[in-house]
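Step one of this worksheet: look at the structure below.
The values are calculated or read from the model by the stated rules, or taken from the named source; none is laboratory data. Every value quoted in this text rests on a predicted model; they were computed, and no experiment measured them. Virtual Cβ from ideal backbone geometry, glycine too; neighbours counted across all protein chains shown. Areas reflect the complete protein model, heavy atoms only, side chains present, ligands, DNA and RNA absent. Shrake-Rupley method; radii C 1.70, N 1.55, O 1.52, S 1.80 Å.
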Amino acid sequence: MLDYIYDMEAEQYSFIRVPKILLQHETYQRISSEAKLLYSLLLDRVGISLRSGWKDKQDRVYIIYPIAEIMEEMNCGKNKAVQLLDELEQKAGLIERKRQGLGKPNLIYVKSFYRTVDNSGERHFLKFENKTSGSPKTKPPEVSESNSINNDSKKTYKNHTDLSFLPGSEAKGIDDYERYEDYFMTELEIPILIQNYPTERETLEGILDLLVETCSSKRKSVRIAGDDKPLEVVKSRLMKLNSMHIQFVLDCLKENTTYVRDMKQYLLTTLFNAPVTIDSYYRARVNHDFPGIHA
């Protein structure tokens, strides 16, 4: 019999994150669960490509994932591996393969699972249906420039970003802001959060705006809870956030009963502290709701 997992033991394991939209959105119902798992593996490899600086002349990130490695990781034969790649490319458009020739493995461009682009180059988000509230389909918008949490215009920072701390990235003016926005939109699964928390849509947009604004700043320091911390330290911490941390922040905002004079500063502090406080917060809640559970 397999043993149980205890306390913080789970942190020692490596996990592959499967975007929930792949399981729920009608667009991806035509591909198999195995293909969705393979896409998640490919998506995980994008981080390796960023660290290696694997980008084409159009600044598009690609990955190198030989068939033999796919066979090993998916525990399948060659025909099955090729079939799954064909599913992702031909049925869902989630990848694009480019032949290198001379026996070299194909370059694989992993495409966004929540955003499309039309012939004019304009980007659009997939539409989501909220199955819990019975409300009509809603389209997760781009970050609102008038959100109350962010009082500064996005234009203030669009030409003053610094992505040098991201491996393989170069500062390129307005594109850098969008790159931060794309990173946090994907890493935090903002469209999924908006779907699951429709009443918190404005707050989620504000969180995204605040994160991008902070990481795009050219200031040498950022004020957190009354202390000036080096910008690089703040960036490093914020880049560790995921969707669970954002749900934790929403819980904190909901449970706070005191008047907050500076909501922007309060929110930034909560986001900064989330990676180091989330475990103790939920452990305390479990101990309160289920006394003696760890006895």
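Below is a table of values for the structure above.
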read-out: Those helices (runs of 4 or more DSSP H) lying entirely in segment 146-213 with at least 2 residues in contact with a helix residue (DSSP H, G or I) (Cβ under 8 Å, 6 or more places away or on another chain) and modelled with pLDDT under 50; value: 155-158
read-out: Segment 51-67, residues that are assigned to a loop (DSSP other than H, G, I, E, B) and over 13 Å from P105 (Cβ atoms); value: G53, D56, K57, Q58, D59, R60
read-out: Subset of segment 74-105 (residues that are of a type in the set (A, V, I, L, M), closer than 22 Å to V61 by Cβ and not in a helix (DSSP H, G or I)); value: A92, L94, I95
read-out: Options I108, I70, I48; residue that is of a type in the set (V, I, T), free of Cβ contacts under 8 Å to residues at least 60 places away in the same chain, open to solvent by less than 40 Å² (accessible area, probe 1.4 Å) and outside any loop (DSSP other than H, G, I, E, B); value: I70
read-out: Residue in segment 10-32 that is modelled with the highest pLDDT, counting only those that are surrounded by 10 or more Cβ atoms within 10 Å (Cβ to Cβ) and part of a helix (DSSP H, G or I); value: Y28
read-out: Counted residues, segment 179-208 - those being over 23 Å from D59 (Cβ atoms) and of a type in the set (D, E, K, R); value: 5
read-out: Evaluation of S33 against (1) touching a residue at least 24 places away in the same chain (Cβ under 8 Å); (2) within 15 Å of L22 (Cα to Cα); (3) among the hydroxyl-bearing types (S, T, Y) (one fails), failing number; value: (1)
